[in-house]
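The values are calculated or read from the model by the stated rules, or taken from the named source; none is laboratory data. Note that the coordinates shown come from a computational prediction; the quantities given were computed from them, not determined experimentally. Cβ coordinates were reconstructed from backbone atoms using ideal geometry, including for glycine residues, and neighbour counts include every protein chain displayed. Surface areas here come from the heavy atoms of the whole protein model, side chains and all, with no ligands, DNA or RNA. Shrake-Rupley method; radii C 1.70, N 1.55, O 1.52, S 1.80 Å.
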Amino acid sequence: MSQAEDIESVDEGGVIESVSGPVVTAADLDARMNDVVYVGDEGLMGEVIEIEGNLTTIQVYEETSGVAPGEPVQNTGEPLSVDLGPGMLNAIYDGVQRPLDELEEKMGSAFLDRGVDAPGIDFEREWEFTPSVAEGEIVEPGDVIGKVPETASITHKVMVPPNYEGGEITSIEAGEFTVKEVIAELDSGEEITMHQEWPVRRARPSDEKETPTEPLVSGQRILDGLFPIAKGGTAAIPGPFGSGKTVTQHQLAKWADADIVVYVGCGERGNEMTEVIEDFPELEDPKTGKPLMSRTCLIANTSNMPVAARESCIYTGITIAEYFRDMGYDVALMADSTSRWAEAMREISSRLEEMPGEEGYPAYLAARLSEFYERAGKFQLINGDEGSISVIGAVSPPGGDFSEPVTQNTLRIVKTFWALDADLAERRHFPSINWNESYSLYRQQLDPWFRENVAEDWPERRQWGVDVLDEEGELQEIVQLVGKDALPEDQQLTLEVARYLREAWLQQNAFHDVDTYCDPEKTYRMLGAIKTFNDEAFEALEAGVPVEEIQDVDAAPRLNRMGVADDWNEFIDELESDLKEQIRALY
């Protein structure tokens, strides 16, 4: 809901009683919970968060310095909503869906004045609408009535709003229309436009939530190979400063097998969000060859923006994701980071003088996190179609302490845990995901897909890799005490195989043209090449070949070059052949 659109609908309101940072108390304001209000002489947007007697507490989405008691407060009578329709892709918004590029053009500067506003989508632009239903047909809420070519990659499906009754179409026509013009009329008297509004704190309806059975292929070997996430699944990426949370999320946004990407920069540093804004328009979508931004919506709410807008940006992002889900698309939402969102809630809670919970966070922290992640999933939609929302939330625990409340409450909710490790990052091992602490609860339900689409023995080969890494973890404790040379030869060989698993398979270069993306077939073949080395090496060891000679075969170091090989299939075929030939020549 933008002030630009709804300023005429405001009611006479109350007056400001007190101001405490982003929290403003107003007297004599006739309002309901979550109503949008305009605060002060400058008309700063805010939201009602508490009502007690004659006093109404408001969180303001902009800086409140200079706002004084006695200034007016006007109520719109409507909850915080987003504008939904053609034009959201390839757009960059702030936390309350104000288009930043349009505001910059309006202000003539990157520095925005307070109170400046614009609708979330362009109400003046005309779009080419093609009906997919005819007069006389019966339509119900959620049904697609036509299509608009929104970008080079995505066709926007115009739907009957979910809060309509539906009925028989009495008129519908093709042509160029603005999002506010009526494109279809129903016998119930309802008029359909390409524009919808939806309250951000209320989930859009669906028919049924299903068990996801297809992975969200990320192109990252450690994720797809060991800790997969389902389409419609939830994942958390906690890690300390500098461990690679943002780069991992950038990789997921660039390469994940989703139709639409919604990237929410929630309280992160401006330079990190700038990198996203600069990189994404130049990146090529690997699926279509079109610009990646043509299927991406960015919400930029950096750490220097008002704290209250940070609290709302997560809801703005998930509501936009639900809208595209209702079209039948698979949507991936990246939230970077939910810790900053929780800190915004903590600040507002403290100014409301609420009883604090653990580490000062509000007592309802777990409930709010659950409400957010609950909106992810694979859904049977009300129009009979299917769509999904996968949510990947970064968590920034202070000092990398995973026992802090945001991390712990998130882990109780999500089913995939990618634990970033500062020690791995210091050793320049990226992605710095700790394979001993991470897990995925989606493995078993996704195994049938991997068996059918990659290889029948995918689960067995993956389990072999997990077992070797687990054994290495146990042996490392002994190595630190007595040294590697004191181990039996078979355990020394296990450590050598594990080293290739870590360096050749789990490590991946996000900035290399070839290695930045690894499809599941390549992931499987690379793991298979290391297993070939393992099998041949242990047979040679049993035949009496010293472990030093096995480790020194010429072909073994080429395992580290599999990820960057252009023709990886041919490279791995040749490598496996050379490994077998050279190791067997030793006995």
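Among the DSSP beta bridges whose two residues both lie in the chain, what percent are antiparallel, rounded to the nearest 5? Intermediate results must be reported in sequence, preceding the final value.
On the way: 62 of 90 bridges.
Of all bridge pairs located within the chain, approximately 70 percent are antiparallel.
About the Cα centre of the chain, what is the dipole size in debye to 20, counting +1 per Lys and Arg Cβ and -1 per Asp and Glu Cβ, all else neutral? Present the calculation step by step, with values, prior to reporting the outcome.
Details: 46 positive and 117 negative charges, 236 e Å.
So the dipole magnitude of the chain works out to roughly 1140 debye.
Calculate for the chain the 222 nm mean residue ellipticity that helices alone would give, adding -39,500 (n - 2.57) per DSSP H run of length 4 or more and normalising by residue count, nearest 500 deg cm²/dmol. Intermediate results must be reported in sequence, preceding the final value.
Details: 16 runs with 186 residues, N = 587.
Dividing the helical sum by the residues of the chain leaves -9500 deg cm²/dmol.
Does segment 39-83 classify as rounded, prolate or oblate by the C-alpha gyration tensor (a ≥ b ≥ c root eigenvalues; a/c under 1.5 gives rounded; else a/b over b/c gives prolate, otherwise oblate)? Before the final figure, lay out the partial values.
Numbers: a/c = 1.77, a/b = 1.12, b/c = 1.58.
In terms of gyration-tensor shape, oblate.
Taking only Cα atoms of segment 220-280, what ratio of Rg to Rh do you get with Rh as the Kirkwood inverse-distance radius?
Numbers: Rg = 12.3 Å, Rh = 12.9 Å.
Answer for segment 220-280: 0.95.
Helix 338-351: angle to the longest alpha-carbon principal axis of the chain, degrees 0 to 90, nearest 10?
That works out to roughly 40 degrees.
Using the Cα centre of the chain as origin and beta-carbon charges of +1 (Lys, Arg) and -1 (Asp, Glu), tell me which of Thr246, Asn409, Val82 is placed farthest towards the positive end of the dipole.
Selected residue: Asn409.
Among Ala366, Ile389, Ser349, whose Cα sits farthest toward the positive end of the charge dipole of segment 347-389 (+1 at Cβ of Lys/Arg, -1 at Cβ of Asp/Glu, about the Cα centre)?
Toward the positive end, the furthest listed residue is Ile389.
Which entries of Lys231/Lys287; Lys378/Lys415; Lys254/Lys522; Lys209/Lys231; Lys209/Lys287; Lys180/Lys209 show an alpha-carbon separation above 22 angstrom in the structure shown? Don't skip to the end; give the middle numbers.
Working: Lys231/Lys287 17 Å; Lys378/Lys415 14 Å; Lys254/Lys522 18 Å; Lys209/Lys231 12 Å; Lys209/Lys287 27 Å; Lys180/Lys209 32 Å.
The pairs that break the limit, which is 22 Å between Cα atoms, are Lys209/Lys287; Lys180/Lys209.
Accessible area per residue for the chain in Å², computed with a 1.4 Å probe and the full protein assembly in place, what is it? Working shown, then result.
Numbers: 23590 Å² over 587 residues.
Solvent-accessible surface per residue comes out at 40 Å².
Go through 378-389, 417-428, 478-489 and give me the packing order, highest mean Cβ count within 10 Å leading.
Working: 378-389: 20.3, 417-428: 18.4, 478-489: 11.2.
Taking the mean over residues of other Cβ atoms within 10 Å, the ranking is 378-389, 417-428, 478-489.
Can you tell me, using C-alpha contacts under 8 Å and at least 6 residues apart, the relative contact order of the chain as a whole percent? Intermediate results must be reported in sequence, preceding the final value.
On the way: 1274 pairs, mean separation 74.4, N = 587.
It rounds to 13 percent for the chain.
Helix 443-453 against the longest principal axis of the chain: what's the angle in degrees, Cα atoms only, rounded to the nearest 10?
70
In Å and on Cα atoms, what radius of gyration and Dmax does segment 298-388 show?
15.3, 46
How big is segment 206-345 on each of its three principal axes, counting only the C-alpha atoms and giving the largest first in Å?
Largest first, segment 206-345 extends 39, 35, 30 Å along its Cα principal axes.
Just to check I understand the Karplus step: with θ = phi - 60° and J = 6.51 cos²θ - 1.76 cosθ + 1.60, what whole-Hz values come out for segment 126-141, glycine and proline as x?
So the Karplus estimates, Gly and Pro as x, are 9, 10, 7, 9, 10, x, 10, 10, 10, 4, x, 6, 8, 10, 10, x Hz.
When only alpha-carbon atoms are used, what values of Rg and Dmax, in angstrom, describe segment 169-247?
Here Rg and the maximum Cα pair distance are 21.5, 59 Å.
Does segment 326-475 come out rounded, prolate or oblate by the C-alpha gyration tensor, with a ≥ b ≥ c the root eigenvalues, rounded set by a/c under 1.5 and, if not, prolate when a/b is larger than b/c and oblate if not? Could you put the intermediate results ahead of the total?
Details: a/c = 2.66, a/b = 1.24, b/c = 2.15.
Oblate is the answer for segment 326-475, as a/c is 1.5 or above yet b/c matches or exceeds a/b.
Normalised by the residues of segment 394-459, what does the relative contact order come to in percent, with Cα pairs under 8 Å and at least six apart?
Details: 52 pairs, mean separation 14.1, N = 66.
Here the relative contact order equals 21 percent.
Convex hull over the Cα atoms of segment 496-587, averaged projected area in nm²? Don't skip to the answer; put the middle values down first.
Details: hull surface 21.4 nm².
Taking a quarter of the hull surface, the average projection is 5.4 nm².
Using only alpha carbon pairs under 8 Å that are at least six residues apart, calculate the relative contact order of segment 281-366 and give it in whole percent.
Relative contact order, segment 281-366: 18 percent.
With axes computed from alpha carbons, what is the tilt in degrees of helix 365-374 against the longest principal axis of the chain, rounded to the nearest 10 within 0 to 90?
Roughly 80 degrees, rounded to the nearest 10.
Please report, as a whole percent, how much of the solvent-accessible surface of segment 444-562 comes from carbon and sulfur atoms (probe radius 1.4 Å).
Details: 2440 of 5560 Å².
That fraction is 44 percent.
Is the shape of segment 61-208 rounded, prolate or oblate, going by the alpha carbon gyration tensor and its root eigenvalues a ≥ b ≥ c, with a/c under 1.5 for rounded and a/b larger than b/c for prolate?
Values: a/c = 2.52, a/b = 1.74, b/c = 1.44.
Because a/c hits 1.5 or more and a/b exceeds b/c, segment 61-208 counts as prolate.
Which net charge results when you count Lys and Arg as +1 and Asp and Glu as -1 among the other residues whose beta-carbon is under 12 Å from that of Lys231?
Here the charged neighbours net out to -4.
By DSSP, what percent of the beta bridges with both residues in segment 243-380 are antiparallel, rounded to the nearest 5? Don't jump to the answer; show the numbers that get you there.
On the way: 2 of 14 bridges.
The answer is about 15 percent antiparallel.
Mind ordering 212-220, 326-334, 309-317 by average Cβ neighbours within 10 Å, highest first?
Working: 212-220: 22.6, 326-334: 24.1, 309-317: 26.4.
Highest-to-lowest ranking by the protection proxy: 309-317, 326-334, 212-220.
In square nanometres, what is the average projected area of the Cα convex hull of segment 79-127?
Values: hull surface 15.9 nm².
Seen from a random direction, the Cα hull of segment 79-127 projects 4.0 nm² on average.
Largest first, please: the extent of the C-alpha atoms of segment 338-385 along each principal axis, to the nearest Å.
46, 17, 15
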